[in-house]
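Below you'll find the structure, written out as structure tokens, and then a few comments.
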Amino acid sequence: MKGISVLNPNLTFLDWLRKWLTSYCINIRDSTRMNYTTYIEKHICHHKISRVVLKDLTTNDLQDFVVYLQQNGKLNGSGGLSSKTIRNIFQMIYKALKQAVGNQYIASNPANYITQSKASPQEACFLSKSEQHRLLCACQGEYWSIGVILMLFTGIRIGKLLALQHDDLQYESDIAYLNIQKSLQRVTDYKKTSGSNKTILRVSAPKTNHSIRKIPLLPEVRDILEQHISNQKLLSSKCSGLYEKNPHIICNELGKWIDPTTFRKCFTHMVEKAGLSRKITPHMLRHTFASQSLQCGMDLKHISSLLGHYSTDFTARTYVHTDLVGEYLAMSHMRENTSILRAGGSL
């Protein structure tokens, strides 16, 4: 059996990807669908591989496409895509071709045998003690300063931060914690009507079970958050019943969620107010939390759990190499052994 489609022997690679996305990707998140659509309609659609008949697609075709993406894959024509993006594209292609094997359109999956370059580890950038102090001072009195505080002292991502509501602050055994159960994202609105926006803000469950977690709060952070919530409740009493019953912690004037872009603009304003010259992003506060946790002696298992990582290996690869201070302090325990250098004189 050669696995050639009897119903449509001229089905192209692009036609199949579109069919697969529509008919078989029925349980994926909107953000994943948005990424897949971009890969298919922006990166694959305009390349010659899109016109290859599916049953004739070879590993060589896919490998040539890998090389093309590495050299010229950016949509603005400024060079190649990152190894991570290419890997994401081919994970999608592999899944689509695996389904094609199951449908008996092809005999085997040619994506099994391609070679990709390894993704270079990105060094995590974090704020120094001085930068943290200046940012915290600058955000005092700002409407959404609580967002900076929570990111810096919990490592929470911006999407999960903006999805937090009052009832996500919970207590157990005299410990206050954030109950992380959802995330706010701007995604393509695949059900949009004519004239409506192409994208929509949507709260959904986190991508993986590891992201569903409890993040304990230090007493000082708890006190600030409780005061913030009290202030919101006082404001709600003046809104003639228009304020949300379960407001978002980072919210507009009626307690509803805000767009991540809006918060990023506010964050940029606070960074500029702090006089920090280098580019500081909200995600760097997550890196800062992880780095500080390492330097304070927290073990990798707990850091990984707090950050919602799928494994401690990932946490180690991302953060351990940045902890120069922690590594130095660990090595300082060996100083008693340096007495042999003094005893032996110059070598």
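The values are calculated or read from the model by the stated rules, or taken from the named source; none is laboratory data. If you're wondering where the values come from, they're calculated on a predicted model, not measured in any experiment. Counting neighbours? That spans all protein chains shown, and the Cβs are built from the backbone with ideal geometry, glycine included. Heads up: the accessible areas ignore ligands, DNA and RNA and are worked out on the full protein's heavy atoms, side chains in. Shrake-Rupley method; radii C 1.70, N 1.55, O 1.52, S 1.80 Å.
Tabulated data for the structure shown
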quantity	calculated
Cross-chain or 6+ apart pairs with Cβ under 7 Å, region 207-218 first and under 17 Å from THR315 (Cα atoms), then buried (at least 18 other Cβ atoms within 10 Å of the Cβ) and among the small types (Gly, Ala, Ser)	HIS210/GLY308; SER211/GLY308; ARG213/GLY308
Residue check, GLN232 more than 19 Å from the chain's Cα centre (by Cα) and open to solvent by 50 Å² or more (accessible area, probe 1.4 Å)	no
Residue check for TYR143: over 17 Å from the mean Cα position of the chain (by Cα), at pLDDT below 95 and not basic (Lys, Arg)	yes
Failed item, numbered, when ILE303 is tested on (1) at pLDDT below 85; (2) surrounded by 11 or more Cβ atoms within 10 Å (Cβ to Cβ); (3) not aromatic (Phe, Trp, Tyr)	(1)
Of all residues making up region 108-126, the number that are outside any loop (DSSP other than H, G, I, E, B) and of a type outside the set (Phe, Trp, Tyr)	3
When residues of region 235-262 are limited to those that are hydrophobic (A, V, I, L, M, F, W, C) and more than 23 Å from GLN185 (Cβ to Cβ), the one least open to solvent (accessible area, probe 1.4 Å)	CYS239
Residue match in region 315-322 (condition: hydrophobic (A, V, I, L, M, F, W, C) and at pLDDT below 85)	yes
SER277 of a type in the set (Ser, Thr, Tyr), under 30 Å from TRP144 (Cα atoms), modelled with pLDDT of 80 or more and more than 16 Å from the chain's Cα centre (by Cα)	yes
Residue count for region 213-224, restricted to those that are in contact with a strand residue (DSSP E or B) (Cβ under 6 Å, 6 or more places away or on another chain) and open to solvent by less than 90 Å² (accessible area, probe 1.4 Å)	5
Boolean, ILE106 is of a type in the set (Val, Ile, Thr), in contact with a Gly (Cβ under 9 Å, 6 or more places away or on another chain) and either at pLDDT 95 or above or crowded, with 16+ Cβ neighbours inside 10 Å (or both)	yes
Those residues of region 127-182 which are farther than 23 Å from MET298 by Cα, assigned to a helix (DSSP H, G or I), out of contact with any strand residue (DSSP E or B) (no Cβ under 9 Å at 6 or more places or on another chain) and among the small types (Gly, Ala, Ser), in sequence order	ALA138, SER145, GLY147
Qualifying residue in region 45-62 (condition: within 28 Å of VAL203 (Cα to Cα), assigned to a helix (DSSP H, G or I) and open to solvent by 30 Å² or more (accessible area, probe 1.4 Å))	no
Pick from region 117-159, criterion among the basic types (Lys, Arg) and in contact (Cβ under 8 Å) with a residue 60 or more places away in the chain, ranking: farthest from PRO282 (Cα to Cα)	ARG134
Complete set of residues in region 73-103 that are within 21 Å of the chain's Cα centre (by Cα) and without any contact (Cβ under 8 Å) to a residue 12 or more places away in the chain	LYS74, GLN91
